[in-house]
Each structure stands twice: as C-alpha cells, then as structure tokens.
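Notes for the one structure printed next.
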Amino acid sequence: MGYETINYTVADQILTIELNRPEKMNAVTPQMREELISAFAEADKDPEVRAIVVTGSGKAYCAGADVSGGSKTFDPEARGWADTMEDFRDGGGQITLKIFESTKPVIGAINGVAAGLGATMLLPMDILLAADTARIGFVFSRRGLVPEACATWFLPKKVGLSRALEWTMTGRLIPAREALESGLVRSIHTADELLPAAYALAREIADNAAPVAVGMIRQMIWRFAGSDHPMDAHRVDSKVNFSLGRSRDVEEGIKAFLEKRPPVFPGRLPEDAPLAYPWWEEPEFKK
C-alpha cells in the first residue's frame with residue numbers, strides 16, 4: 001500500500017521504514033501512527049521480508065508526538081479520540097504493541113533526536129544503533145505526563161530499574177554515549193556510518209539465519225522477559241523444537257554445516273510457523 005508520512009522500501013529481503021516528516025522533525029501524527037501500525041502488519045505478512053531497519057529522514061529520528069494542537073494535544077476528549085477513560089487507548093502503545101508482535105527482527109537506526117514517542121517507540125525494537133549526535137529523551141514528566149507506549153514495561157528490561165527511573169523522572173535528554181553505556185544502544189556511529197552498520201547487521205541475520213527460527217526466537221525472548229518461571233520457556237521451546245526438528249530448515253541447516261557452505265533455508269513466515277505458535281493463546285498461558 002502507499003504511505004504518505006513514512007517511506008516503506010524492501011530491497012534484498014531487508015525492509016526500511018523511514019519516518020518521513022523531516023520538516024517537523026518526524027513528529028508523529030495520527031496518520032503516521034496508523035501508517036506505522038500498517039507497515040509492521042504488512043511486513044509480518046510478507047515472507048520475503050527477513051529484517052526491518054527503522055530510521056528517520058533529515059536530522060531527527062523523531063521529536064515525539066506532533067504538538068501543533070497546543071495545550072489540548074494530549075486531551076483525548078478535546079481531540080475527539082475518546083469520550084471516556086475506558087474507551088481510550090494510547091496511540092503510542094498501539095505502535096509499540098504492533099512492533100512487539102512482529103516475527104521479523106527490528107533494528108533501530110537513531111539518526112538524531114528521539115524524544116517522547118520517538119524514544120518510547122524504540123524500546124520494543126531488538127537492536128538499536130545510534131549516531132554520535134543522537135539524543136534520547138523520555139520527556140513526559142516535563143510535560144506533566146507519564147511515559148506512554150508501554151515504556152514502563154519495556155524500559156526497565158532494557159536498562160534496569162534505577163536507570164529507567166532516573167531517565168523518566170528527570171525527563172532529560174540522554175546523550176548517545178550514556179545510552180551506549182546503559183546498554184540501551186548497541187553501538188555509536190558517525191552519521192555516514194549509521195545506516196551501513198544497521199544494514200550490515202540486518203544482512204548478517206538475513207543471509208545466515210532461518211527466518212522461522214528467528215521469528216520464534218524473537219517472540220520467545222520478548223514474551224518470556226516477564227515470565228515468573230523458566231518452566232514457561234521450557235514448555236514452549238520443547239513444543240517449538242518438536243516441530244522445527246522435523247522441518248526442512250533443520251535438514252538444510254545440518255546439511256549446509258556438513259558441506260561447509262552457507263545455508264539456503266526454505267521456511268518462511270507466516271506459512272511455515274511451528275504448530276505451537278502462537279503459544280500464548282493456549283489456555284495454560286492465559287493464567
């Protein structure tokens with residue numbers, strides 16, 4: 001489908017999603033929110049997409065929500081988004097939950113300032129790389145708000161409770177070096193080196209790893225991050241490997257290893273997902 005506020009480009013099995021409102025520092029509008037949700041849903045259904053790189057156009061990654069609505073920007077009733085608290089769902093959370101559900105690895109290339117929703121949408125991405133000029137800000141407390149987009153679930157898992165509390169309570173902009181030292185980002189690059197580094201990482205996954213296995217690994221690690229007991233993971237990895245152990249992918253993986261050549265995995269998602277997927281919909285996981 002066509003998009004107006006983002007660029008959606010697939011090349012050599014790697015999808016690039018580029019936020020594309022550079023004149024507004026890629027601030028998120030309701031239209032961009034819906035287009036991002038659609039883009040990740042589209043990518044999940046496309047068997048040719050093996051990895052996703054997300055970045056921003058221009059000098060910023062994303063300055064957060066578009067606040068051109070003034071003081072009523074975050075008032076759901078005034079904006080016509082919902083009449084009651086029970087009816088309201090945070091738009092940023094709808095984006096991050098869609099990214100969370102992805103079976104494709106997601107690499108964020110933070111090319112500049114990422115603030116507010118621009119920062120929280122990064123959290124469900126698997127690997128983050130940053131330009132040396134990037135700044136990341138969970139600025140909500142400075143606007144009288146709490147972090148949205150499920151950030152209070154994601155951020156402590158990325159950087160620990162103490163750092164998450166400091167960043168969200170102060171609302172300050174975090175330099176790329178501090179984000180690196182905290183473990184939030186994997187590496188720092190010059191502006192010219194950022195996207196090549198992100199694509200090299202995406203290429204390593206796309207060229208060497210089985211798409212079905214990668215999709216299952218992504219979902220297992222994210223979903224068990226909040227599990228109470230390792231038995232939850234044991235039950236699922238037993239079921240998934242029961243299916244995958246008999247698959248054409250494993251046959252090819254072993255054969256390629258013995259023949260000392262790169263594998264060519266035939267399996268694709270979603271059509272070749274193991275029988276246990278999606279396991280979280282089973283009654284035993286709905287406790």
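Since every read-out is calculated from the coordinates, none of them should be taken as a lab result. Quick caveat, the model's predicted, so the values are computed rather than measured. Cβ placement follows ideal geometry from the backbone for every residue including glycine, while neighbour counts extend to all protein chains displayed.
Take every pair of alpha-carbon atoms less than 8 Å apart whose residues are at least six positions apart; their mean separation over the length of the chain yields a relative contact order of 16 percent. Axis of helix 211-224 versus longest Cα principal axis of the chain: the two differ by about 50°, to the nearest ten degrees. Inter-label distance, A200 to E101: 3.5 nm, where each label sits 7 Å from its Cα along the C-beta direction. Going 7 Å from the Cα of T133 along its beta-carbon direction, which residues of segment 146-174 have the amide nitrogen within less than 17 Å of the resulting point? Flagged as within label range: 174.
Can you work out the FRET efficiency for the pair V264 and E34, with r the C-beta to C-beta distance and R0 = 41 Å, to the nearest 0.05?
The calculated FRET efficiency here is 0.65.
Each residue, R143 and K59, gets one label point 7 Å from its Cα in the Cβ direction; the gap between the two is 2.1 nm. Quick one: grab the alpha carbon gyration tensor of the chain, order the square roots of its eigenvalues as a ≥ b ≥ c, and give me rounded if a/c is under 1.5, else prolate or oblate depending on whether a/b is larger than b/c. Here the chain falls in the prolate category.
DSSP beta bridges in the chain, what fraction antiparallel, as a percent rounded to 5? Provide the component values of the computation, followed by the final result.
On the way: 9 of 30 bridges.
For the chain, the DSSP antiparallel bridge percentage is about 30.
So, R0 is 25 Å and r is the distance between the beta-carbons of E23 and Q94; what FRET efficiency does that work out to, to 0.05? Before the final figure, lay out the partial values.
Details: r = 25 Å, r/R0 = 0.99.
For E23 and Q94, the calculated efficiency is 0.50.
How many angstrom lie between the Cα centre of segment 1-35 and the Cα centre of segment 180-217? Cα centroid of segment 1-35 versus Cα centroid of segment 180-217: 19 Å apart. Each residue of segment 91-96 is assigned a 3J(HN,Hα), and the resulting list reads x, x, x, 5, 5, 5 Hz, derived from the Karplus form 6.51 cos²θ - 1.76 cosθ + 1.60 (θ = phi - 60°), x at Gly and Pro.
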